[in-house]
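Read-outs: derived from the displayed coordinates by stated rules, not from any lab. Remember, predicted model here, so these are calculated numbers, not experimental data. All Cβ positions, even for glycine, are placed from backbone atoms using ideal geometry, and neighbour counts span all protein chains on display.
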């Protein structure tokens, strides 16, 4: 399946093409991580089950198709697209493994996390192995401009994570800072997936720039929805440990809105519930106060902005699928 | 100061040249890590004090000089040498930051570790920031073959760390596996410093290959000595938390030799002391049994092998300094 869309439900030649390409990307991915050491292979086999949504590779491919002259032609997608698609998924997977250490999470994609199955040390080192392999695989494309661009993006991504840690338990965090954190830690990579996909297809710079903006808005919306699911989702459906944001002092958009709109008395109570990490009581107040809805609206507006950017593309199935993926960011429940 | 040598004590034009180049490398390093976020800069400022020995950059420079036709000419050392020298130091620093998480260490280069001053999460993410910046900086050299080579080396380095974790508390670890772990986690990067330095200077392939072997033997000897210092060094002199290897179940060469040579009764006692992490009692037995001396001899032999490789170089101050650095691996006490 690609991204938030279950391609099995999208009966089109493009969906079939994407499925086939994603299978080839999975092979590039696995081949890259293969080691002569069985202990290392056992770890990689375990994290490969995290590779669920394949959102980022799908965006590389779809942007690759959408940015080309003929967006339905299979030959538009080159080995370079597949290498970069595998690279961005590997970078993403590295952040998942390290995030699980940071979050002390036990469940990821319905399976045990590495830190749970092995230990934190192994999770740190396995994340490093994934980062290293991502850069090594990227170098096999022999295009220094891509190395440079992805290096810049991972710098930005780490900065996002570092400011997030810096603002832990900071109930004074404002919307602008929250959005900047999210832009860096999540949206920067998603935006680059879209830009690089189109660029590799030889798209006009104004098209790859528009796709970059598309990815950036989409990425921020995606993270807002992720944060909402952590607060109000069901672990069984979402498939990972929930309620961790609050436990780890991560202040997300619904909480920011709730505290911002609250009376002084309500705010005092809210701060107390946050300090006590009383998720259930806070949950009710976030819903009743309209803060969850307000955060959802921000995500929705961002999805609309993202979709507007797609007007530079010629109409066709690739653009249609990007539109559907943008909508699915909001409607998904995992 | 470079490597294990205090260049202030080496009165030569080459020592002065190296000092100057290392200062320029420090600037490349700091400029690369500069962020628009003050919280990120505070962290980087803290880790920059780890940048003590600069062994790896010094090896890039010296190999760069030794591999050139005129090994005393300042102009031999290019911006590419300095970029790669800063990159390898950044990779090394990232491993130090993540090793401190792995080791739960409190002291590094006489200062508090990141995990002690901030927390483990910040240390994980800061290490990632350093890795990412290393690859980004490497890409600014616009030489895909270097990206590829260093990506391969960091893959190998992570594999070394992962097998080491896999063999934690494995008192059946043998000498060959120990040496393979050390070759991957420590020697692979040091060897590549030497090879790349010479390669960038346009050295003949047989020279860069000999320098790679020099670095590999030197790197293994370096790690053996590091492990010996962890067992028998003084924290005040070594400048980092000691005795951590035993606490973290890391079986090193003196312990391997001790268990290998011991009578059955002695072996039983040794295993008990290891399980109890009774460092003082074990310390005495490792010294008395000759296991420490035996491990030291392995390191010494490796240094001799390393020095033999230097015979491909023309005689001159660069070769002399590489010789002295090789000797200093053994004589150093920190």
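Before moving on, here are some points about what is shown:
- Take each peptide in B:317-328, A:78-89, count the other Cβ atoms within 10 Å of every residue, and average; sorted highest first, the result is A:78-89, B:317-328.
- Mean per-residue shielding of peptide B:133-141 is 6, counting Cβ atoms of other chains within 10 Å of each Cβ.
- Prolate/oblate/rounded call for segment B:7-321, Cα gyration tensor, a/c under 1.5 rounded: oblate
- Springs between Cα atoms under 10 Å define the GNM used for chain B, and in it the highest mean-square fluctuation of B:134, B:198, B:176 occurs at B:176.
- Each of the peptides A:29-39, B:180-190 was scored by the mean count of other Cβ atoms within 10 Å over its residues; in descending order, highest first, they stand as B:180-190, A:29-39.
- 7 Å along Cα→Cβ, label-point gaps from residue A:34 to other copies, nm, shortest first: 4.6
- Computed over chain B, the per-residue total of -39500 (n - 2.57) for DSSP H runs of n ≥ 4 gives a 222 nm mean residue ellipticity of -23000 deg cm²/dmol, rounded to 500.
- In this simple spin-label approximation, residue A:300 and residue A:24 carry label points 7 Å from Cα along the Cα→Cβ vector, and these lie 4.0 nm apart.
- For segment B:7-321: relative contact order, % (alpha-carbon pairs under 8 angstrom, 6 or more apart): 20
- With Cα atoms, 0 to 90° folded angle of helix A:55-66 axis to chain A main axis: 50
- Once you reduce segment A:114-151 and segment B:247-291 to the center of their Cα atoms, the two points are 37 Å from each other.
- Shielding by partners for peptide A:29-39, expressed as the average number of C-beta atoms from other protein chains within 10 Å of each residue's C-beta, is 2.
- Backbone N under 15 Å from the residue B:79 label point (7 Å along Cα→Cβ), restricted to segment B:139-179: B:139-143
- In this structure, residue B:278 and residue A:315 have a Cβ-Cβ separation that, at R0 = 51 Å, corresponds to a calculated FRET efficiency of about 0.10.
- Protection proxy ranking of B:279-292, A:218-231 - average other beta-carbon atoms within 10 Å, highest first: A:218-231, B:279-292
- Segment B:128-221: C-alpha gyration tensor shape, a/c 1.5 cut-off, then a/b vs b/c: oblate
- By definition, a body whose alpha carbon gyration tensor gives a ≥ b ≥ c is prolate when a/c is 1.5 or more and a/b is larger than b/c, and the protein assembly as shown fits this prolate description.
- Rounded tilt (10° steps) of A:205-232 against the dominant C-alpha axis of chain A: 40
- Principal-axis analysis of the Cα atoms of chain A puts helix A:38-48 at an angle of about 70° to the longest axis.
- Diffusion coefficient (Stokes-Einstein, Kirkwood radius over C-alpha pairs, 20 °C, 1.002 mPa s) for segment B:242-286: 206 µm²/s, rounded to a whole number.
- R0 of 41 Å, Cβ-Cβ distance residue B:152-residue A:247: FRET efficiency to nearest 0.05: 0.55
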